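Each remark here refers to the structure printed beneath this line.
Where a number appears in this text, it was derived from the coordinates with a stated rule and is not lab data. Since the structure is predicted, the reported quantities are computational estimates derived from the model, not experimental observations. Reconstructed Cβ throughout: ideal geometry from the backbone, glycine too, with neighbour counts over all protein chains shown.
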Amino acid sequence: MSRQMRHDHLPFPMPKRSHSLIQEWRNLSFLHWEVKPEKLKPYIPEGVEIDFFEGKSYVGLIPFQMKNVRPRFLPAVPGISTFPEFNIRTYVKKNGKAGVLFLTLDAQSRITCAYAPRAYGLPYNYAKCKLKIKEDNFEWESRRNKDGFELKGSCIATSEGKQALPNSLEEFLFERYSLYVKHKKSSKMAYTLHDPWTFKEGKATLNTNSLLESYNLGIKNLLEPNLVHLSKGVYVYTWSIEATE
């Protein structure tokens, strides 16, 4: 059953049509590095702009659990609707609407990896992924099947829970309610709705990170992110993709 969702925090209205999917994003580690915009440009679809915070652009590497993913009005399916996912994203905008752009979404779900690229244009790759969650200590490991790129490490919380302050870097990184993709040779977008993020600052220990290294973003130290956060996550509605304005 759908639940009531807040709208008072949104930077723009959601579509009038109904959302298509319900899902939960749980037990997330947010690892961020500052990157030079010229390194990001090859990955940005035509018509979409890199978004900057105080002149800086960022890329995020985010291990987490996709939970109870299902179409609206249908139940979650055991063994299919919940799976680990490790994505790499950057921050973009078009016509003033800030969103995210995924460089990859590595997931241990063959159904999602087959369906999402066709339906949404999302660059999913199948990978063997593990998550171990113990209170505020998250451990994760992934290895992509087709080329062996890996991520292995952990992070631990170092602060109490908080929400992003207005105009802060955390607001820039967390409070985004759309995603952009290249689908069938044109730029498309999809809306996402959830309550404001609650997160904790953290410290990460990375053992290997060839996953992010494979994107040649010019990051000097792939084992030391500039920013680390953890979150227990959010309940999410997502809409099907549509043409950008």
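Taking the number of other C-beta atoms within 10 Å as the exposure measure, put ASP8, ASP51, ASP136, ASP106 in order starting with the fewest.
Values: ASP8 5, ASP51 18, ASP136 15, ASP106 26.
In increasing order of surrounding Cβ atoms, one gets ASP8, ASP136, ASP51, ASP106.
Near LYS56, which aspartates and glutamates are there with a Cα under 18 Å away, not counting those fewer than 8 places off in the same chain?
GLU34, GLU38, GLU170, GLU171, GLU175, GLU224
Given a cut-off of under 8 Å on Cα pairs at least six residues apart, what relative contact order in percent is computed for the stretch 21-240? Numbers along the way, then the final one.
Details: 527 pairs, mean separation 54.3, N = 220.
In percent, rounded to a whole number, it is 25.
Which aspartates and glutamates, on any chain, are close to LYS41 with Cα under 20 Å apart, when same-chain ones fewer than 8 places away are left out?
In chain and number order, the partners are GLU49, ASP51, GLU54, GLU213.
Across the chain, where is the longest run that never hits chymotrypsin sites (Phe, Trp or Tyr not before Pro) in a DSSP loop with at most 13 other C-beta atoms within 10 Å? Intermediate results must be reported in sequence, preceding the final value.
On the way: sites that count: PHE52, PHE73.
Within the chain, the longest run free of exposed chymotrypsin sites (Phe, Trp or Tyr not before Pro) spans 74-245.
Let me know the whole percent of all Cα-Cα pairs from the chain that are separated by more than 34 Å. Don't skip to the answer; put the middle values down first.
Values: 2464 of 29890 pairs.
Of all Cα-Cα pairs in the chain, 8 percent lie more than 34 Å apart.
Go through LYS200/LYS220; LYS162/LYS232; LYS97/LYS182 and tell me which ones have a Cα-Cα distance over 23 Å in this structure. Write down the numbers at each step before the final one.
On the way: LYS200/LYS220 25 Å; LYS162/LYS232 12 Å; LYS97/LYS182 16 Å.
Beyond 23 Å between Cα atoms: LYS200/LYS220.
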